[in-house]
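Student: I'd like to ask you about the structure that follows.
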Amino acid sequence: MWFLNLELRQALYLCPSTCSEYTTGEGIPKDKDYEPQTICEHLQYLFALLQNSKRRYIDPSGFVKALGLDTGQQQDAQEFSKLFMSLLEDTLSKQKNPDVRNIVQKQFCGEYAYVTVCNQCGRESKLVSKFYELELNIQGHKQLTDCITEFLKEEKLEGDNRYFCETCQSKQNATRKIRLLSLPCTLNLQLMRFVFDRQTGHKKKLNTYIGFSELLDMEPFMEQKNGVYVYELSAVLIHRGVSAYSGHYIAHVKDPQTGEWYKFNDEDIEKMEGKKLQLGIEEDLAEPSKSQTRKPKCGKGTHCSRNAYMLVYRLQTREKSPTVEVPAFLQELVERDNCKFEEWCNEMAEMRKQSVARGKIKHEEVKELYKRLPAEAGSPYDFISLEWLQKWLDESTPPKPIDNTACLCSHGKLHPDKISVMKRISEYVADFFYRRYGGGPRLNVKALCKDCVVERCRILRLKNQLNEDYKTVTNLLKITVKGNDGFWVGKASLRSWRQLALEQLNEQDEDAEHSNGKMNGNAQNKDESNEEKREEEEELNFNEDIVCPHGDLCISENERRVVSKEAWKKLKQYFPKAPEFPSNKECCSQCKILEREGEENEALHKMMASEQKTSLQNLFHDKCRPCLGSWPQETDELYIVSQFFVEEWRKFVRRPTRCSPVSSVGNSALLCPHGGLMFTYASMTKEDSKLIALIWPSEWERIQKLFVVDHVIKIIRTQAAGADPESALYDSEPKLCPECREGLLCQQQRDLREYTQATIYIHKVVDNKKTNGGAKRQKISHQNYITYQKQGIRRSTRHRKVRGEKALLVSANQTLKELKIQIMHAFSVAPFDQNLSIDGKILSDDTATLGSLGVIPESVILLKADEPIADYAAMDDVMQAPRKDLFLS
């Protein structure tokens, strides 16, 4: 639309270039690509390409990038036009040439006045304002002129809305209206199709028909009636779609030089017949309801549209449209682009020519060989892969060399199970293929493997026999074995012996599949095949489930049973290498000794746990332990151990037969490499309290007797006699190491800011209230995330997710905008409709990283959505939503 405004195009061409090599007349360096530096230069180059390029359409990506627009975000075309015109006007205002400097005002800027008249004294107050477009309400109207009339109609100011009159010095009833003082050459009329629905609280699109004429006389609407105010239609901008949140933009624009209308639909440009505007299928869109609004009849020179959202009129004049010439340096750039485009076209034509030539050669080859492909009875023949043959028939490019290795058996011949994927062809055609394409090995009539066929028959006979033997063994297992005539068999082996026998019979076929894989170069990965073999080898064979680690009969009789000689004889036919244990066989003597030792150890552990629990009652129960926050008056010394030691000891005391006993107190984890304490008294009363356990002096004496202590750590309180307890001083042995303590704090903060693939939680808020009891959640402390790398220190970071909350994986260096896109996929809320906050702090800077915003692992971010949830997967290629945060730079 801007390109076909000849005056604007001419003014932009007059803007001087900032590149010195172009303005000095030295020409354009051939080895250097032209890179526009300003918005005007981008628009210049784009207009020059639109005017003289040989391409079918022009890609405006450079222009879009220069504006800083995000093509992944929804944009509103009307608002973009308004903001860009403001940017262009500001940019051109710095030009010396008045024709360039004032082009936006001359073409698009008009004036109207807000006029307020006091009903009491008749005083008239006038506020003059500029406009670049008129925003017209279409609700309840059928014609454009009705919309303009309503825009200018008089408004009464009464009651609470009364006007303060300067003359009367009091509030008076008054009337207010808009008077059009002057109109621009190009009149932009914005039809307010996207309105706010008070009932639903969301935006909606008004899909009502509005009639407009090709000639618009604005004289009746002007304050001064003595001018020329007849306008002719020059552009109609269409929004296809019934929703205010999705759709597609199409522009119908008239060429002022030829008078022909064009429809611009992305890269599809269509010239309309007969120099007439034809809105066509843009109006034939189904509405959500079954009821269809009938299109009103339109007379000659008028049009009706329910999708037009912007109409552009040009002041009618008898003067001929100016001829706009492209400046020399821009024309040179266009010609260079045309040369590149022609070279590309020639390359495509040459490639197409070569492809056609290859296709003809291949066609003749296929035509000649196809007739001689079948092998006649009694004639020599070869086997060839069906997959390779299919590629030879279908593809114009020569296929890869023939590869028959995938269909070979372990004897190096044709596997009988691969016959179905092979094709028997005549020896003449096979000779041609191997001579032309190479490969191998060749598989002729002698390549059929007799050994594999015999083996396959044997396996089939055994499979048939297996079904009968399975019934026989099942009946034999029902007979009770008397005396010592039976054999021990594992219960797990008896349950799965039939399946094990089948797998054993199919072992050779499976090995062939693993070694050959798919055909013609698509072999299975060797590492995967070897890994599967290793897994199979690790599986127990028949009756190995009752073999102990020493290779003898296991001591657990619950895992085995006795079977008769007849049943064992049948089983041995399928598993000749299975371990054999007669029913009178003694269990493993070594396992019996170990079992007795294990029972003695369990008894010892139980006794040890009972003694330690009795001796350290306070350590076992948290409520009996001292607390630094309220120092006990009966002692001035408390000892410290790591909480990890306490937890491990409690596990042993609770389950002495399942857990190993604790033999030592590892306090070195609480000290730095220099032997100093890593925690202050203040931190041990707060965030570090979960890492340590306080011990009474009497209890500490018992701990030293029961365990090996590497380092003694204690807190000492000093207080003057009769002094206030709050004035007490606290010291530690060993002393605090300030350097290492500072390093620990820095590392903790760094860990909070440098995480990757950490979990955070998004909780959706409705009416400023957290759903499903989320308000009762305790605040997540930063310290909950810290994981100490030192051995022996650990802390739970588990977050209990509530209903209506979703977990996302994020990294500290990703931006808030990237997080919003993740939230859009999780909650179906568009990024610009998301209001995010954490701990009462609003998250608004889309370019900031999550680490810099204070988002740490296990954080809970609150989401409040402004807009309705929409089906974004069904949206069209352009998303429509009015925007108030579109910045152009």
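Student: Only four residue types carry charge here, +1 at the Cβ of Lys and Arg and -1 at the Cβ of Asp and Glu. Report the dipole size of region 308-361 about the Cα centre in Debye, rounded to the nearest 20.
Tutor: 380
Student: Say each of D636 and A826 gets a label point 7 Å from the Cα, pointing the same way as Cα to Cβ; how far apart are those two points in nm?
Tutor: 5.5
Student: Say the cut-off is 30 Å between C-alpha atoms; which of K156/K864; K418/K463; K171/K204; K54/K254; K106/K177; K126/K203 go over it?
Tutor: The answer is K156/K864; K171/K204; K126/K203.
Student: Find which of L638, G666, W700 sits farthest along the positive direction of the dipole of region 634-725, computed with +1 on the beta-carbon of Lys and Arg, -1 on that of Asp and Glu, about the Cα centre.
Tutor: G666
Student: What is the dipole size for region 88-241, taken about its Cα centre, with +1 at each Lys and Arg Cβ and -1 at each Asp and Glu Cβ, in debye to the nearest 20?
Tutor: That gives region 88-241 a dipole magnitude of about 440 debye.
Student: I would also like to ask the following. Any idea what diffusion coefficient region 364-460 gets from Stokes-Einstein, in µm²/s, Kirkwood Rh on alpha carbon pairs, 37 °C, 0.692 mPa s?
Tutor: Translational D for this selection: 231 µm²/s.
Student: Between L745 and Q719, what FRET efficiency comes out of the Förster formula 1/(1 + (r/R0)^6) with R0 = 30 Å and r the beta carbon distance, rounded to 0.05?
Tutor: With a Förster radius of 30 Å, E is 0.55.
Student: List the lysines whose alpha-carbon lies under 19 Å from that of K705, not counting same-chain residues fewer than 8 positions away?
Tutor: The qualifying lysines are K606, K613, K714.
Student: Another one. Between region 423-463 and region 81-117, what is the separation of their alpha carbon centroids in Å?
Tutor: When both Cα centres are located, 84 Å separates them.
Student: Any idea what the dipole of region 193-269 comes to, in debye rounded to 20, about its Cα centre with Lys/Arg Cβ at +1 and Asp/Glu Cβ at -1?
Tutor: 620
Student: Per-residue accessible area for D485 at 1.4 Å probe radius, Å² rounded to 10?
Tutor: Its heavy atoms expose roughly 90 Å² to the probe.
Student: Another question, if that's okay. Normalised by the number of residues in region 250-393, what is the relative contact order in percent for Cα pairs under 8 Å and 6+ residues apart?
Tutor: 10
Student: To the nearest 10 square angstrom, how much accessible area does Y370 have with a 1.4 angstrom probe?
Tutor: Probe radius 1.4 Å; accessible area of Y370 about 140 Å².
Student: Which order do the peptides 677-686, 62-71, 294-303 come out in when sorted by mean C-beta neighbours inside 10 angstrom, highest first?
Tutor: 677-686, 62-71, 294-303
The values are calculated or read from the model by the stated rules, or taken from the named source; none is laboratory data. Predicted model, so just to flag it, every value in this text is computed and none were measured. Ideal geometry is used to build each Cβ from the backbone, glycine not excepted, and the neighbour counts take in all protein chains shown. To get the accessible areas, we keep the full protein, side chains included, count just its heavy atoms, and leave off ligands, DNA and RNA. Shrake-Rupley method; radii C 1.70, N 1.55, O 1.52, S 1.80 Å.
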